[in-house]
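K.L.:
Have a look at this one.
Read the figures in this text as sums done on the coordinates, not as results from a lab. Source: prediction; values computed, not measured. Cβ sites come from the backbone with ideal geometry, for glycine too, and all protein chains shown count toward neighbours.
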Amino acid sequence: MKIGLYGVSRCGKDFLINRTIKEIKQLGHMRGSATLKQLALDKFGIEFDRLDELDKSNLRIDFTNKAREMERIVDNIIVDGHYSFPSENGDYNVVFTEADRQLYDVFIYMNTNPKKIIENQKNPEPSRLINQYSEKEIDDWQKYEIKCMQSICKSLGIELIVLHDDIDCAISFISELIRTPHRIIPKLIAKQNIKEKQNILEYADTIVLIDCDKTLSINDTTMTFCDYLDFDKKIIRENYRGEYYSTYQFYRANRLYDEIVPDKYYSACDYAADTAYLNEILIADLQSKSNDSITTIAVTAGILDIWERIQVSHSFPNAVIGKGRANSGGYYVSTLVKQAIVEELQALGKKTIAIGDSPVDIGMLEAADYGYLVATQKLNTGVAMYLSETQQTRIKQLKYSPYKYDSIKEVNSIWQL
């Protein structure tokens, strides 16, 4: 596996990699800038930055060949890289190339707190000149790079994993990525889940995939869970700062839940399930056309144990996909996981209907044959932003939802295909 680790200057890539390779023996490190610099000196006798663009391009191809050679020796490698640098005219000079795009199996981005980067700028490495950037400049730079790299990853059908500042959690995540990729990589998660659900999928020709919190339920059962435990919800919200919903965010959330004493954890799950305020209008719509050719599967990025309890007590939906406590099996459900499940079902010839409320659901709604938005409490700002930036969307909204987005068509029922 080849992992590309990206981030702005002084974000802590070297620190993370040095810590990680000490703890993960089956991981090798290939230094990005240092390797290019040495290749330039070996081949041309001058610094990489002084080469013309053609020579730089050729050296980057040599770099990717060295990375592939290294992978054959150590199985897994991680490479630190740069996507861009600020230019004098206020724009960005992109150094990411097509060779980089084609090299990696996994792209990870370090979204470090700008305040931490400013502190790192004050302590440069010996003999290394560091440009000084303001907090706003760093924040804008990171947002620009993440948006561009998300677009690149989308074109490749893979996920940009966005890390925050928790180094210990990041190391644990990378370790699990290497040891059990089927629990991290969206396409592998989708394939495994569909395989496990074959008994309820075999005779169905239409699969309804429905989000759980604030879609199948009007309330957010995860927040109810936190309230029961007097758990600081700010910690959960901070985990998703920037509206990033990659697998890492859900991995980190589950680590927080796994720290809760089991008895308290399961009591909170019972309480959240028992007090869930289900979306009865939506459920009635779903059940208005019920036969053996239709299967409904709830896909939760929240707490699986809550929704399994709801499923049992209401005998609905047919199944639930999500992640339980550590070592209990299950999978981390991100935006791309939901989308990959749709695509896997379509590859089996199934008609897909998807229903959701948040940015986590957008990929699933766009990929489905029919995708529907619901808004049960208020309009989601992340969804509103997506719709305002997207000229063409296949997503519609349900007329009976309490709140409506201005820019998309309304329908009376999910069965108004």
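K.L.:
Quick one: P(r) of segment 185-411 from all Cα-Cα pairs, 10 Å bins, percents rounded to integers, in order of increasing distance.
P.N.:
The calculated distribution, bin by bin, is 8, 35, 39, 17, 1.
K.L.:
Return the distance in nm (one decimal) between the two label points of a simple spin-label model at K378 and Q26, each offset 7 Å from Cα along Cα→Cβ.
P.N.:
Reported label-point gap for K378 and Q26 is 4.7 nm.
K.L.:
Between K115 and S33, what is 0.36 nm times their sequence separation minus the Cα-Cα distance? Round to one decimal in nm.
P.N.:
Going from the current span to full extension adds 27.1 nm.
K.L.:
Identify which of N123, N89, N219 has the largest mean-square fluctuation in a Gaussian network model of the chain, with springs joining Cα atoms closer than 10 Å.
P.N.:
Evaluated over the chain, the most mobile residue of the options is N89.
K.L.:
On a 29 Å Cα-Cα criterion, which of the cross-link pairs K191/K233; K195/K351; K143/K234; K234/K378; K13/K187 come out too long?
P.N.:
K191/K233, as the Cα separations exceed 29 Å there.
K.L.:
Given the rule -39500 (n - 2.57) for each run of at least 4 DSSP H residues, summed and divided by the residues of the chain, what is its mean residue ellipticity at 222 nm, to the nearest 500 deg cm²/dmol?
P.N.:
The helix-only estimate for the chain comes to -14500 deg cm²/dmol at 222 nm.
K.L.:
Oh, and also: Can you run phi through the Karplus equation (6.51, -1.76, 1.60; θ = phi - 60°) for segment 69-74 and list ³J(HN,Hα) in whole Hz, with x for Gly and Pro?
P.N.:
With coefficients 6.51, -1.76 and 1.60, one gets 5, 5, 4, 5, 8, 10 Hz.
K.L.:
Taking Cα centroids, how far is segment 212-280 from segment 3-80 in Å?
P.N.:
Taking the Cα centre of each part, segment 212-280 and segment 3-80 sit 39 Å apart.
K.L.:
Taking 7 Å along the Cα-to-C-beta vector as the label spot, tell me the S57-I152 distance in nanometres, rounded to one decimal.
P.N.:
1.6 nm
K.L.:
Using +1 on the beta carbon of Lys and Arg, -1 on that of Asp and Glu, and nothing else charged, what's the dipole of the chain about the Cα centre, debye to 20?
P.N.:
420 debye
K.L.:
Would you mind telling me which residue in V320, V94, V360 has the biggest mean-square fluctuation in a Gaussian network model of the chain, where springs connect alpha carbons within a distance under 10 angstrom?
P.N.:
V94
K.L.:
Next question. Using +1 at the Cβ of each Lys and Arg and -1 at the Cβ of each Asp and Glu in segment 140-252, identify which of S246, T222, I189 lies farthest towards the dipole's positive end.
P.N.:
Of the options given, the answer is I189.
K.L.:
Also, quick follow-up: Say we join alpha carbon atoms closer than 10 Å with springs in a Gaussian network model of the chain; which of C212, C153, C11 then has the biggest fluctuation?
P.N.:
Greatest mean-square fluctuation among the candidates belongs to C153.
K.L.:
At a temperature of 4 °C and a viscosity of 1.567 mPa s, determine how fast the chain diffuses translationally according to Stokes-Einstein, using the Kirkwood radius over alpha-carbon pairs as Rh; express D in µm²/s, rounded to the nearest whole number.
P.N.:
D, rounded to a whole number, is 56 µm²/s.
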